[in-house]
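The values are calculated or read from the model by the stated rules, or taken from the named source; none is laboratory data. Because the structure is predicted, anything quoted here is derived from the model rather than measured. For neighbour counting, all protein chains shown are included, and Cβ atoms are generated from backbone atoms with ideal geometry for every residue, glycine included. Accessible surface is based on the protein model in full, side chains and every heavy atom, while ligands, DNA and RNA are left aside. Shrake-Rupley method; radii C 1.70, N 1.55, O 1.52, S 1.80 Å.
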Amino acid sequence: MSLSEHFTTDDLHPIDIVEHIAEHHDWDFDRVADDQIAMAVEAQWRTYSITLAWSPQDETLRLICTFEMDPPKERLPELYETLNATNDMCWAGAFSYWEAQKLMVWRYGLVLAGEQSASPEQIDTMIRAAVLSSERFYPAFQLVVWGNEAPEAAMQVAMAEAYGRA
């Protein structure tokens, strides 16, 4: 059954849809406010903290996926170089490092201008893309920060997305 079969109206608040998706996947979540939800999504490398927030002013559903990273100061230039290479490979969303919070951050905004509404599949795809991108590049970040690899060498582990099924 598709996610959209759980909904009967297009007038649902985007965060209500996210809450239903989190329940569907059995993710831990907290409805922080009417316009914001936070959840934990477990993946292969780690558990990611994902927050989605609806901004009615600019009609944007914002997604932030974070994981902790506390690199040694001397490795920051290499980490930033790796972030640039990573973002060149990402078509939807982008990574940044928030040094003060010691967080690696994947950000994406879905603009729903003109009172558009997002489908459950669109929102689920946003969340999946954040987790898949984080999983894809996490090993490269780790190799640069803790394995003292050069960014070019570390990026070799961030293989292209696979197509088909195993």
- Length added when fully stretched, ALA40-VAL111, from 0.36 nm per residue minus Cα-Cα: 23.2 nm
- Query: Can you give the Rg and Dmax of the chain based on its C-alpha atoms, in angstrom?
  - Reply: 17.0, 54
- Item | Farthest toward positive dipole pole in segment 35-135 [+1 Lys/Arg, -1 Asp/Glu at C-beta], among SER49, ALA130, GLY93 | SER49
- Message: What's the magnitude of the charge dipole for segment 28-166 around its Cα centre, counting Lys and Arg as +1 and Asp and Glu as -1 at the beta-carbon? Answer in Debye, nearest 20.
- Response: 220
- Hey, what do the phi angles of segment 132-143 turn into as Karplus ³J(HN,Hα) couplings, whole Hz, using 6.51/-1.76/1.60 and θ = phi - 60°, x for Gly and Pro? 5, 5, 4, 5, 5, 9, 3, x, 5, 4, 5, 4
- Item | Where only alpha carbons of segment 57-101 are counted, the Rg and the Dmax (Å) | 13.0, 40
- Burial order of peptide ranges 65-77, 48-60 (average beta-carbon count within 10 Å, highest first): 48-60, 65-77
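Under 12 Å from the Cβ of ALA43, count the other residues' Cβ atoms, weight Lys and Arg +1, Asp and Glu -1, and hand me the total.
Numbers: positive: ARG46, ARG128, ARG136; negative: GLU42, GLU135.
Around ALA43, the surrounding residues sum to +1.
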- Nitroxide proxy distance, nm - points 7 Å out along Cα→Cβ at LEU12 and TRP98: 2.7
- Which length gain, in nm to one decimal place, applies between GLN122 and ASP88 when the Cα-Cα distance is subtracted from 0.36 nm times their residue separation? 9.9 nm
- Item | Average accessible surface area per residue within the chain, 1.4 Å rolling probe, Å² | 58
- Note on the structure: A correct Karplus calculation of ³J(HN,Hα) over segment 109-114, with 6.51 cos²θ - 1.76 cosθ + 1.60, θ = phi - 60°, whole Hz and x for Gly and Pro, returns x, 9, 7, 10, 5, x
- Only Cα pairs under 8 Å and at least 6 apart count here; give the relative contact order of segment 46-166 as a rounded whole percent. 28
- What is the set of long-range amide H partners of VAL32 at a cut-off below 5 Å, with H atoms built 1.01 Å from backbone N? ILE37, ALA38
- Helix 76-88 vs. the chain, principal-axis angle (Cα, 0 to 90°, nearest 10): 50
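Using only Cα atoms, what is the ratio of the radius of gyration of segment 79-120 to 2.2 N^0.38 Å?
1.52
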